[in-house]
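This report refers to the structure that appears directly beneath it.
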Amino acid sequence: MSPETVMSMAYQAMVVTLLLAAPLLLTALAVGLLVSLFQAATQINEMTLSFIPKILAVFAVLVISGPWLLGLITDFTRELFQNIPLLVS
């Protein structure tokens with residue numbers, strides 16, 4: 001197996017990881033920002049206030065984008081397993 005092949009596989013794995021994590025992390029970031037703005041505007045300084053909206057929003061995005069995320073990781077894994085004979089020789 002050549003170094004180029006290893007780097008290509010590592011690059012593909014990092015892209016898939018980024019695509020899997022991005023919707024959930026961006027949702028948590030956006031909800032956290034909105035809750036922070038709300039807390040700053042109302043001067044409510046409760047630290048636990050941001051957790052419930054973040055959890056609910058991330059869960060909703062996971063339910064909505066779950067089939068796409070599952071298909072993405074399944075396709076990547078299938079492609080990886082199908083390429084094993086080509087990588088061994």
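Read the figures in this text as sums done on the coordinates, not as results from a lab. These numbers were taken from a predicted model, which means no experiment stands behind them. Glycine gets a Cβ as well: all are built from the backbone with ideal geometry, and neighbour counts include every protein chain shown.
So the values come out like this:
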{"quantity": "Region 39-63-region 6-32 distance, computed between alpha-carbon centres (Å)", "calculated": "22"}
{"quantity": "Crossing angle, helix 51-82 versus the chain [Cα axis fit, 0-90 degrees, rounded to tens]", "calculated": "0"}
{"quantity": "Residue-averaged [θ]222 nm for the chain, counting only DSSP H segments that reach four residues, each worth -39500 (n - 2.57)", "calculated": "-31000 deg cm²/dmol"}
{"quantity": "In degrees, nearest ten, helix 3-42 long axis to first principal axis of the chain (Cα)", "calculated": "10"}
{"quantity": "Ascending count of other beta-carbon atoms within 10 Å, so fewest first, for Ser65, Ser8", "calculated": "Ser8, Ser65"}
